[in-house]
Every structure is written in C-alpha cells, then in structure tokens.
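The values are calculated or read from the model by the stated rules, or taken from the named source; none is laboratory data. Note that the structure is a prediction, hence the values are computed from the model and not measured. Please note: Cβ atoms are built from the backbone with ideal geometry, for glycine as well, and neighbour counts cover all protein chains shown. Only protein heavy atoms, including side chains, enter the accessible area calculation; ligands, DNA and RNA are left aside. Shrake-Rupley method; radii C 1.70, N 1.55, O 1.52, S 1.80 Å.
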Amino acid sequence: MEEDEEEDYMSDSFIKQDVRPGLPMVRRVKQAFQKEEKQKEANEKNRQKSIKEEEKERRDLVLKSALGSENKGFALLQKMGYKSGQALGKSGEGIVEPIPLNIKTGRSGLGHEELKKRKAEEKLENYRQKLHMKIQANEQAADQFRIRFKNKQEERKMEGDLRKSQRACQQLDTQKAIDVPKETWYWLEPEEEDKKDEEDKEDEYTSSDLSVSEKLHILTAYLREEHFYCIWCGTTYEDSEDLSSNCPGDSAADHN
C-alpha cells in the first residue's frame, strides 16, 4: 500500500485510536515541553564553562581523591609507620581526615568576615540595650502612674476627712452658741448659694495658701483643744485628760 494512500477507516489501527476531546492538544503540549527540556540539557552540555567553574571542578576532584604514595608528605608519613585511615599521633588520638580547605571566593580582604560578624554583634547589642531602656522607661512610667494614682486617692480621702471635720466643727460650735467660725473654712458653706458667694469662697481658699492636709491638721487640732473631740475616734471626751488617755493619737495613722 502506498504511503499517500488514504488510511482504511475500518482498520483496527484507526478504530483503536483515542479520539476523546482535548487529548491531541494535551499530547502536543507534552511533546513541546519534552522538546524544550531536551534543548535545555543540550545547551547546558554545549555551554562553555567559565574559568572559575573549571577550577572548582578540578579542585573538587583533587580533594575527593585520596593521597597516594607519589605525594611527598604522605610518603614521609608512611616511612614513619603511618597507614592510610589511621589517626595521627603517637597514641592514635589525632585527626583521621585532613583539615578541610576553605576556599575564599569573594573579593573582600582578609578579616572582612570577622569585621562583619563584629558589626552584627554590635548591632544586636545596641538593639538589646534600646529594648532594655524601653522596658525600663515603661516600668518607670507605670510606677509614676501608680504613685500619682495613689496620691490622688490619698488627696481625695483627705478632702473627705476635711469635710467631715468641718461638719463636726460647725455642729459643736453651734452647740456652744458660736455663730461665727474661727476661720471661714472651719465650717462648710451652704449647698445653695449664689455665684458671688462661690467666687468669694474661691478667693478665700486661694488667699489662705493652705493645702488640704494643712487645713485638716489645723482643724482637727482645734476640735481636740476646743471641743475635746477626735474626728478619727468619732467621740467627744469629757476633758483634755480623758482625751489624751483614751485617744490613740491626733492623726489617722495613729488610729490604723
């Protein structure tokens, strides 16, 4: 049968062909991929190697091969009783394999790697110091916040104690028919007052130049001396002797 003759569509070779959709395309892609891989392998084989690559191949080949008796150093060792595979030293505790060869391929000078390593260590140390300083700063800020918060709480407590003392002073003074307090701030101002009275009150507090703790100390001393009353005990004593003998002290700390 001639080559250009049409194929018999009833023959077994034609019937057994896989005619599923898409298969011819997949087959062509696979063939193209295989052809490209073969071309890459051929190009790699035909590529002319550089001088460095050739030197590396020769060096690796020499380093992989064991020393023979033609090597003068190895021949001297054999004369002294050394055998291949034996450890060096009189007692055989030395090295078995030769010291590996470290080839320097870069263009940097000697000591560059040590300098690079030292700079990296310095950079790491600086980072650690900055991190440590940041942690310390955060801890100090937290401590300062706690101190401010504690001081604010103590100040609020003293303000409450002062108002309590002012209220007690006003009641005890009234019982003794005292119409005017010894100092303006000894008594509490009425809750309902006009704006002018509030401004006058602010001026009085400002002009007194006394802190809350100082006012509390002065007022509690006045209550003890004038009325024999201890704000911390909440008790009015008969006289100064009864106060001194039964009251723990003249401050809040003495009553804790």
- prompt: Which residue out of Leu67, Leu88, Leu63 is under 53 Å from the mean Cα position of the chain (by Cα), at negative phi and not in a helix (DSSP H, G or I)?
  reply: Leu88
Selection count where residues are part of a helix (DSSP H, G or I) and either open to solvent by less than 70 Å² (accessible area, probe 1.4 Å) or within 14 Å of Lys215 (Cβ to Cβ) (or both), scope the range 170-186: 6
- prompt: Is there any pair with a first residue in the range 108-119 that is without any contact (Cβ under 8 Å) to a residue 60 or more places away in the chain and a second that is exposed (fewer than 10 other Cβ atoms within 10 Å of the Cβ) whose Cβ atoms are under 8 Å apart and which are 6 or more apart or on different chains, and what are they?
  reply: His112/Gly106
query: Quick one: Lys196 ticks every box in (1) surrounded by fewer than 18 Cβ atoms within 10 Å (Cβ to Cβ); (2) at pLDDT 85 or above bar one, so which box is it?
result: (2)
query: What single numbered condition from (1) at pLDDT 85 or above; (2) open to solvent by less than 80 Å² (accessible area, probe 1.4 Å) fails to hold for Glu225?
result: (2)
message: If I filter the range 79-132 down to residues being surrounded by fewer than 10 Cβ atoms within 10 Å (Cβ to Cβ) and of a type in the set (Gly, Ala, Ser), which single residue comes out as modelled with the lowest pLDDT?
response: Gly106
query: Take the residues of the range 21-61 that are modelled with pLDDT of 75 or more and among the small types (Gly, Ala, Ser): which is nearest to Asn102 (Cα to Cα)?
result: Ser50
task: Would you check which residues across the range 42-65 are of a type in the set (Gly, Ala, Ser) and either loosely packed, with under 10 Cβ neighbours inside 10 Å or in contact (Cβ under 8 Å) with a residue 60 or more places away in the chain (or both) and list them?
output: Ser50, Ser65
